[in-house]
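Peer 1: Just passing along the structure, written as structure tokens.
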Amino acid sequence: MVGILDRSRRKLMGAVVTGASVGLLFRGSRIKAAEKMTKQQAEYRDAPNGIYSCGMCTLFEKPKSCKVVEGEVSEDGWCKAFALAD
Ligand code: SF4
């Protein structure tokens, strides 16, 4: 009987440790996802793409930043991550 309880406890502790590890991994991947792209990765340019520009992108943050591209961006710029509001 004691042996069965011991095994169950060990299984439970294993599940707790595994769950904690998965939680840490998940947190780590969320931190990575929160990192911004470089301008080069986003193919950012300081000119609009036709009628589309950072100024009308939902990811633009006045006065000169972007939620997904690092560094300063121009209101008249554009990149491949451009997103219009629905
Ligand atoms: S077009 Fe690109 S750089 Fe400009 S605000 Fe949108 S996502 Fe950021």
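Peer 1: Working out 0.36 nm times the residue gap between Q41 and K62, then minus their Cα-Cα distance, what length gain in nm do you get to one decimal? Don't skip to the end; give the middle numbers.
Peer 2: Numbers: separation 21, 0.36 × 21 = 7.56 nm, distance 2.15 nm.
Using 0.36 nm per residue and subtracting the Cα-Cα distance, I get 5.4 nm.
Peer 1: Using Cα-Cα distances under 8 Å and only pairs 6 or more residues apart, what relative contact order does segment 36-86 have, in percent?
Peer 2: On the way: 91 pairs, mean separation 23.4, N = 51.
Once normalised by length, the contact order is 46 percent.
Peer 1: Segment 36-86: percent of C-alpha pairs farther apart than 16 Å? All intermediate terms of the calculation are to be shown ahead of the outcome.
Peer 2: Values: 289 of 1275 pairs.
The answer is 23 percent, as a whole percent.
Peer 1: Among the aspartates and glutamates, which fall within straight-line cross-link reach of K36, defined as a Cα-Cα distance under 19 Å, with same-chain neighbours fewer than 8 residues apart omitted?
Peer 2: List returned: D46, E61, E70, E72, E75.
No value in this document is a laboratory result; all are computed from the given coordinates. Source: prediction; values computed, not measured.
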